[in-house]
Amino acid sequence: MRTARRLDGRRVLRFASGLDVPLANLAAAGFLLVLVLMIMAYALGVGATALGIGDALRAVVGAGIGDGQAFALWQVRLPHILLGFMAGWCVALSGAMLQSLSQNPLADPGLLGLSQGAMVALMVLLVFFPGLPHGLAPFVALAGGLGVAALILFLVGWDQADGLAILLMGIALETTLSAVASLLLLYTPPETSYALSNWLAGSLFGASWSVIAGFAPWFALSLPVILLVGRSLKSFDLGDETALALGENVRRSRPAILVAAVLLTSASVTAVGPLIFLGVIAPHIADAISRSTGRTRLVLSALVGGLLVVAGDTLTRANTSDVALPTGLAITIIGVPLFIATLRLRALRTVQ
Amino acid sequence: MRSLILILSLFFAGAAMAQTRPVTDDAGREVTIPEDPKRIVTLHEPLLTLPLLELGMPVVGSYGRGDNGESLLALDFIENVLGADGEALGISGIGAPGNIDLERIRALEPDLIVGTEHDAQKADQLSAIAPVYLQNSRSGVVSGFEAEAALAERFARTDTFDAKKAAYLDRVAEVRDSLPGNPGEETYLAIIIYDQINVISAMSGAIQAIEDLGYSKAEWQGAGKASGYGSGFAVPLSSEAFGRLDPDVLVIMNSYSSDERDEAAIRARLDRIVPGWDRFLKPAREDRIIFLDSGATATPTIASAEHTLDAFEAWARD
């Protein structure tokens, strides 16, 4: 392992296997990781119960605290932080994968209808079969997301599918499913409709250790996904024809990437609701921090996604006003200005 | 000494266990609730807090209230229905509406949390704080005072409920005698106005009072069909169908989320939706309309039913 300079002039860390990782990307990953840990530590001290960051950190490593403080720490704050990070990680990862797959910077699980597929399936379960066990929810969400992915591939044609066709068909299905969701909201009892609206706005209320345990396998799945699809996405970034020319088996890898995105998205939707727009903004913010492709872009995007959800949830808990601040809205409040700033920065760089 | 401590511990543990009992709530969950809860948190103000307060139960936290007990909802139901002050009753909030805060609930140290069947998804989380009892509240499943009667039976407050109901039934008889005609042979229809006109089917104290007076529900075009906007409670009615309504008594109220709910406000709102309604609607021409304040009469409590009786009595007097 040694440092070297690539043909494009970027300094890289070159491994014995031939793998090059730009030093700027490593620095960006380190910076984001530190930022994530700092936000997480800060989030431990935010909430209605008087429990400072210092006390919380000491309690995490075994110091004694009061019952109320222990409840706040172990039953509320830590589950929120961990589940929020994992869900944000998965949604942002899906967004980054779909953007490369469709060669469109606007693509995300929401725009392609994958989130809506999982969301509508869950809404149908909650509205029409409220008595069924809650444990079915992840599988129902997964079925909804996979159903949409299969429908997209079927409608655009398994063989002919190009990125733009997938995106346009996804938008059509997303529009239809959003209409179905509105209809379900309209024709359910007010209390059910209100509860669904809260969930649709993004919520970590249900965060608990059992939910985290249920989500952990999906989060763990994201790691091999990053390793396996990173190289393919690098090819897709260059366009379908170039990807084919580079030896990418598009017919096999495209549905595989789509299925991976569905799995991660559906798990997140089940846990925290559809975090609309996160899949779009996180990869762009990651790009602004450090330009990257393939696996590195996936990791940086996922870190930004996790960071934004933890920050959004912290803002929600810090909100002491009498007006509700859903987590989805808090993420938007934090993420959109960053997104706009990155776009302005990119525009300025282009002019220069 | 150690033996004495052990015996005392076992005695008090036994006493504590005797004060709880396992029950099955309306969502079919097995839950161990206190025999005589001392600190209750509720997840719905009009459907749960009000019936529990009417039964004299100690509610310390209620959805839709601020930290100081002030109402954060469009309407202060405790004040409008019970004429009480949530702040003075010591009822705190449990987070901004839509953002239930587990830490705030925990800080209230409840020994029981009562929710509706719509709160089933939250029950697991809340159970980490106190036992969660879910009470049916949905239209078509319970109506009138049924939810309050069920809560009274569950928490050994049937004496309080029966006494209030007996006084209410005396008042029903008194108001019935003051009404023109024979309610037992007459029909009614109740309307609530949101951004459109809706027929109320069940649930509220108002409907309980009207039917206890003897009125029976009139047939109307569209009755029995699938409906939107919370099927069961309020069923949308077209302006054309509204114009053809002719029950013996037509009850009309504005939405409880509106600040203006008196007769003048209701008339003004109807004028906007169906201009000239008071000239072609037969009950309006023949003075067979009763205007109700939904903020006082729409909850499933005896107090709401009594507000309705007051309105009927005033109508009969005029």
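The numbers here are math on the coordinates, done by the rules we state, and not lab data. Just so it is clear, the structure is predicted and the values come from calculations on it, not from any experiment. Using ideal geometry, Cβ is built from the backbone for each residue, glycine included, and neighbour counts are taken over all protein chains shown.
Here are a few things to note about the model shown:
- Counting other Cβ atoms within 10 Å as a rough exposure proxy, the listed residues B:Glu240, B:Glu211, B:Glu103 run B:Glu240, B:Glu211, B:Glu103 from fewest neighbours to most.
- Listed from fewest to most Cβ neighbours within 10 Å, the set A:Thr175, A:Thr270 follows the order A:Thr175, A:Thr270.
- Antiparallel beta bridges, as assigned by DSSP with both residues in the protein assembly as shown, represent about 45 percent of the total such bridges.
- Principal-axis tilt of helix B:302-317 within chain B, Cα atoms, nearest 10 degrees: 20
- Counts of other chain beta carbons within 10 angstrom of each beta carbon in peptide B:113-123 average 4.
- The HN-Hα couplings worked out from phi for the stretch B:48-64 by the Karplus form 6.51 cos²θ - 1.76 cosθ + 1.60 (θ = phi - 60°) are 10, 4, 5, x, 5, 5, 5, 7, x, 8, x, 8, 10, x, 9, 4, x Hz, whole numbers, x standing for Gly and Pro.
- Mean partner shielding of peptide A:317-324, defined as the number of other chain Cβ atoms within 10 Å of each residue Cβ, is 5.
- Expected-Rg normalisation [2.2 N^0.38 Å, Cα atoms] applied to the stretch A:47-206: 1.31
- Partners for B:Lys217 among aspartates and glutamates (Cα-Cα distance below 18 Å; same-chain residues under 8 apart left out): B:Glu185, B:Glu186, B:Asp246, B:Asp248
- Nearest-0.05 FRET efficiency for B:Asn182 and A:Ser197, computed from C-beta distance (R0 60 Å): 0.85
- GNM top mover of B:Leu52, B:Leu250, B:Leu179 - chain B, alpha-carbon springs below 10 Å: B:Leu179
- Cα-Cα over 26 Å, subset of B:Lys38/B:Lys122; B:Lys165/B:Lys282; B:Lys122/B:Lys164: B:Lys165/B:Lys282; B:Lys122/B:Lys164
- Spin-label pair A:Asp8/A:Val61, simplified geometry with 7 Å Cα→Cβ offset, distance in nm: 4.1
- Between A:Leu164 and A:Val259, the contour length at 0.36 nm per residue exceeds the Cα-Cα span by 32.4 nm.
- Residues B:Ile210, A:Ile333, arranged from fewest to most other Cβ atoms within 10 angstrom of their Cβ, appear as A:Ile333, B:Ile210.
- Kirkwood-type radius of chain A, with distances r between different C-alpha atoms, in Å: 21.0
- Extending 7 Å from the Cα toward the beta-carbon at both A:Leu23 and B:Thr32 defines two label points whose distance is 6.4 nm.
- Taking the convex hull of Cα positions in the protein assembly as shown, its mean projected area over all directions (nm²): 37.8
- Equivalent ellipsoid semi-axes - Cα gyration tensor, the stretch A:237-352, angstrom: 31, 21, 10
- Cα-only Debye scattering, the stretch A:60-123: base-10 log of I(q)/I(0) at q = 0.23 Å⁻¹: -0.94
- Per-residue shielding of B:92-102, expressed as the average number of other chain Cβ atoms within 10 Å of the residue Cβ, stands at 6.
- Peptide packing: for A:108-114, B:271-277, A:291-297, the average count of neighbouring Cβ atoms within 10 Å per residue gives the ranking A:108-114, A:291-297, B:271-277, highest mean first.
- The stretch B:280-318: GluC sites (Glu not before Pro) in DSSP loop, at most 14 other beta carbons within 10 Å: B:Glu286
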